[in-house]
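Report on the structure given below.
The values are calculated or read from the model by the stated rules, or taken from the named source; none is laboratory data. Only a predicted model underlies this, so the values are computations on that prediction, with no experimental measurement involved. Here the Cβ positions follow ideal geometry from the backbone for every residue, glycine too, while neighbour counts run over all protein chains shown. For the accessible areas, the whole protein counts, side chains as well, though only heavy atoms, and no ligand, DNA or RNA atoms are used. Shrake-Rupley method; radii C 1.70, N 1.55, O 1.52, S 1.80 Å.
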Amino acid sequence: MKILVFLETNDSEIKKSSLEGLSVAAQGDHQIATCAIGSGSDAVVSKLGQWGVEKHFSCTQDQAQTYNPEVYKNFIDQAIDQWKPDLILASSNNVGRDVFPRAAAKHDMAYMSDVTEINLDGGVSITRPMYAGKCTAQVTFTDDSAKIVLLRPNQVAVNEVNKGATTENVALSLEESSGNSETVSVSKGETEKLDLTEAEVIVSGGRGLKEADNFKLLHDLAEPLGATVGASRAVVDLGWVPHSLQVGQTGKTVAPNLYFAVGISGAIQHLAGMSGSKNIVAINKDEKAPIFQKATYGIVGDLFDVVPLLTEKLKSIQ
Amino acid sequence: MRVFVCIKQVPDTETRIKLTSDSQGIETNGIKWVINPYDEFAIEEAIKFKEANSDTQVTAVTLGPKSRVNNALLTAMAMGADDSILINTEAPMDALSTAKALSAAIQSEGDYSMIFSGKLAIDGNVSAVPLMLAEFLGIPHASVVNKTEYGDGAVTASREIEGGTTETFKLKFPAMVTANKGLNKPRFASLPGIMKAKKKPIKEVSLEDLGVSPESSKTKFTNFELPPEKAPCKMIDGDPAQQVDELVKLLQEEAKVL
Ligand SMILES: Cc1cc2nc3c(=O)[nH]c(=O)nc-3n(C[C@H](O)[C@H](O)[C@H](O)COP(=O)(O)OP(=O)(O)OC[C@H]3O[C@@H](n4cnc5c(N)ncnc54)[C@H](O)[C@@H]3O)c2cc1C
Ligand SMILES: Nc1ncnc2c1ncn2[C@@H]1O[C@H](COP(=O)(O)O)[C@@H](O)[C@H]1O
């Protein structure tokens, strides 16, 4: 199979979520190409041989360095036309979801986002959550069109391989833009924290925190854990935290290694978004709170007593 | 001016999912169907656009079985949409084939300025139909938008991404915007609105009319599974200090996550 892996990079680093795609591609005997914007950088290319990458499509033009979906799509169209992949792998995140549906429409390819399991032995078999995690389903491909599979971050392991291939760098030049879509600005947020969907540890708070200022307790707890802070919808609706922090069926679906639900009752819509987490710690003063049915470890107690002690304890063992 | 708003019906978020006996789908008996929550922001955006541009016609479009999805169109029209297009089909359609049908339906209507949709449908969380539709129509898009401004035949749309970064795009009409929560506050349908909706036109078309085969889906969901039963929660007793010590010990030694 010919595989094209879309990589996201920070300077010379390949993002972990992109390494996950590379790992999938590198298992087995496939022809692999990669593509990345802003990374003609030799440092990235020099890392690709170990994954068995034959070709890397890059674009270092200035106009490509500010994110624009049309520009990215144009770049990917060219990589597809040159490599003619049977399978494209990318991350199911804000870039992947913003670019690849259009590529699927243009090239008449099958498309699936949010994939949590993938197997390439004898074809492409994938599984994904449905109804924000209330169940899972396999995806059957009904014809032999090329496929675009967006992998949810943190779901497949990064397995280092050493294939020792030589990677040829192919610089692509963007076409003239249509002028219909222009990026006005990209303003960086204050947080350098990982997005909820990519975080390995999440500390979420709910109405039990009583008021917006008490979210500070969670930020303090997140610190020694290297965690990203999340929230229930109740506190988003109260305006304590922005919607981008909401976990649940109408927020983000997350599956970290460790999820803390602090002062969250565990409504069905919240559970849908987080019950795929590998370990769940619930801290709630009500022993009947439904969150305890999904939790791995439960503490019945007052969060205002428990959380500061926990923060101190975690700091002390660092 | 003409604007379209794409809406999908989905099971209410309270729904407890049960599988059919062959596990090839979910049991739909007894499900309460609602408009996808993000599509409510799209409908509101379209109505606000009309309020700012008085000569605007807002058309709601949906694809699905008429007996069920007709209600979604009535709700959209009760909120303020002027008319509707119903692509009536029982066929299971994936994102690509749905977008093909929507694009044919919209193309046959003539000129338009904007198309609004939800950022994703909460049934499958696929988030693909609107962008595929935009590609088929050859128009620019901005997705997961929480702020818009209109002027000079263009929309300026912002979205918040990872780490709180805000991206802002300016798109020439016609353009596609997919709505996130926070874009606006969807209104409720008023009683007079509900009465009026009953008289508003619904144009019904079939996949055949649109030249799209009901078998054109490239993907199909199969072999559904409910999540495995969780082992019962380990409750940690003691005073808060003891609870914290025990929890940290379990996270280190048993879960091995610290
Ligand atoms: C269409 C729709 C979509 C929705 N989507 C989502 C979604 O995506 N995500 C989501 O989260 N919700 C969603 N909801 C809302 C959901 O139904 C619940 O209302 C919400 O999750 C409740 O938030 P909460 O747990 O913070 O608040 P509550 O249910 O009020 O729970 C607060 C908890 O804090 C505990 N508590 C109080 N004080 C303390 C203390 N001192 N110490 C310890 N514990 C304490 C209480 O015992 C209680 O269990 C949705 C609802 C609808 C209708
Ligand atoms: N069957 C449909 N009919 C009309 N609009 C749809 C349909 N399916 C999806 N959409 C639109 O596309 C958005 C994203 O849906 P999805 O790609 O399924 O996540 C929805 O919020 C709707 O606005």
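Scanning region A:265-281 for residues that are more than 9 Å from ligand 1 (Cβ to nearest atom) and of a type outside the set (D, E, K, R) returns A:275, A:276, A:277, A:279, A:280, A:281. Criterion first (buried (at least 22 other Cβ atoms within 10 Å of the Cβ) and in contact with a strand residue (DSSP E or B) (Cβ under 8 Å, 6 or more places away or on another chain)) does residue B:99 satisfy it? Criteria not met by residue B:99. Does residue B:204 count as outside any helix (DSSP H, G or I) and open to solvent by 20 Å² or more (accessible area, probe 1.4 Å)? Against the criterion (outside any helix (DSSP H, G or I) and open to solvent by 20 Å² or more (accessible area, probe 1.4 Å)), residue B:204 qualifies. Among the residues of region A:46-66, those identified as open to solvent by 20 Å² or more (accessible area, probe 1.4 Å) and of a type outside the set (S, T, N, Q) are A:47, A:54, A:55, A:62.
All of A:228, A:197 fail the test of being open to solvent by less than 30 Å² (accessible area, probe 1.4 Å), within 12 Å of chain B (Cβ to nearest Cβ) and either β-branched (Val, Ile, Thr) or free of Cβ contacts under 8 Å to residues at least 40 places away in the same chain (or both), apart from A:228. Scanning region B:141-156 for residues that are within 22 Å of the chain's Cα centre (by Cα), more than 9 Å from every other protein chain (Cβ to nearest Cβ) and free of Cβ contacts under 8 Å to residues at least 60 places away in the same chain returns B:145, B:147, B:149, B:155. Of the residues B:251, B:171, B:247, the single one that is at pLDDT 95 or above, in a strand (DSSP E or B), within 10 Å of another protein chain (Cβ to nearest Cβ) and more than 30 Å from residue B:22 (Cα to Cα) is B:171.
Scanning region A:27-72 for residues that are in a loop (DSSP other than H, G, I, E, B) and over 30 Å from residue B:130 (Cα atoms) gives A:27, A:28, A:29, A:30, A:40, A:41, A:52.
Go through region A:139-191 and report how many residues are within 30 Å of residue B:217 (Cα to Cα) and of a type in the set (Asp, Glu). Selection size over region A:139-191: 2. Residue B:178 - would you say it is crowded, with 20+ Cβ neighbours inside 10 Å, more than 7 Å from chain A (Cβ to nearest Cβ) and either at pLDDT 95 or above or within 14 Å of ligand 2 (Cβ to nearest atom) (or both)? It is true that residue B:178 is crowded, with 20+ Cβ neighbours inside 10 Å, more than 7 Å from chain A (Cβ to nearest Cβ) and either at pLDDT 95 or above or within 14 Å of ligand 2 (Cβ to nearest atom) (or both). Would you please name the residue that is nearest to residue B:14 (Cα to Cα), looking only at residues in region A:102-117 that are of a type in the set (A, V, I, L, M) and surrounded by fewer than 23 Cβ atoms within 10 Å (Cβ to Cβ)? Step by step, filter region A:102-117, then rank; the result is A:115. Taking the condition open to solvent by less than 20 Å² (accessible area, probe 1.4 Å), farther than 21 Å from residue A:134 by Cα, in a strand (DSSP E or B) and in contact (Cβ under 8 Å) with a residue 40 or more places away in the chain, does residue A:186 pass? So residue A:186 fails the test. The set of residues from region B:213-244 being assigned to a loop (DSSP other than H, G, I, E, B), within 7 Å of chain A (Cβ to nearest Cβ) and crowded, with 17+ Cβ neighbours inside 10 Å comprises B:217, B:218, B:233, B:236. Report whether or not residue B:194 is at pLDDT 95 or above and at the interface with chain A (Cβ under 7 Å from one of its Cβ atoms). No; evaluated as a whole, the condition is false for this residue.
Selection within region A:244-271: residues that are within 16 Å of ligand 2 (Cβ to nearest atom) and in contact with a strand residue (DSSP E or B) (Cβ under 9 Å, 6 or more places away or on another chain). The member of this set that is farthest from the other protein chains (Cβ to nearest Cβ) is A:252. Please go through region A:200-213 and pick out each residue that is open to solvent by 40 Å² or more (accessible area, probe 1.4 Å) and either within 12 Å of ligand 1 (Cβ to nearest atom) or within 11 Å of chain B (Cβ to nearest Cβ) (or both). Passing the criteria: A:200, A:207, A:210, A:211. Only residues that are within 17 Å of the chain's Cα centre (by Cα) and either part of a strand (DSSP E or B) or within 7 Å of chain B (Cβ to nearest Cβ) (or both) were counted across region A:112-132, and they come to 12. Consider region A:240-264 and keep the residues that are open to solvent by less than 10 Å² (accessible area, probe 1.4 Å) and over 25 Å from residue A:213 (Cα atoms). The one that is farthest from ligand 1 (Cβ to nearest atom) is A:256. For region A:273-299, which residues satisfy the criterion of being open to solvent by 10 Å² or more (accessible area, probe 1.4 Å) and either at the interface with chain B (Cβ under 7 Å from one of its Cβ atoms) or of a type in the set (S, T, N, Q) (or both)? Listed by number, the residues that qualify are A:275, A:279, A:284, A:292, A:293, A:294, A:296.
The strands (runs of 3 or more DSSP E) falling completely within region B:1-53 that include 1 or more residues that are surrounded by 17 or more Cβ atoms within 10 Å (Cβ to Cβ) and charged (D, E, K, R) map to B:2-6. Among the residues of region B:81-105, those that are away from chain A (no Cβ under 14 Å) and more than 10 Å from ligand 2 (Cβ to nearest atom) comprise B:81, B:82, B:83, B:84, B:88, B:90. Being open to solvent by 10 Å² or more (accessible area, probe 1.4 Å) and of a type in the set (Phe, Trp, Tyr), is that true of even one residue in region A:74-82? No; the residues of region A:74-82 include none that is open to solvent by 10 Å² or more (accessible area, probe 1.4 Å) and of a type in the set (Phe, Trp, Tyr). Remark: pairs (first residue in region B:26-55, within 19 Å of residue A:132 (Cβ to Cβ) and free of Cβ contacts under 8 Å to residues at least 24 places away in the same chain; second residue surrounded by fewer than 22 Cβ atoms within 10 Å (Cβ to Cβ) and acidic (Asp, Glu); Cβ separation under 7 Å; 6+ apart in sequence or on different chains) = B:32/B:12. For region B:205-227, does any single residue satisfy the condition of being of a type in the set (A, V, I, L, M) and under 30 Å from residue A:117 (Cβ atoms)? Within region B:205-227, one or more residues are of a type in the set (A, V, I, L, M) and under 30 Å from residue A:117 (Cβ atoms). Taking the stated definitions as given, is residue A:260 over 21 Å from the mean Cα position of the chain (by Cα) and at pLDDT 95 or above? For residue A:260, the condition - over 21 Å from the mean Cα position of the chain (by Cα) and at pLDDT 95 or above - is not met.
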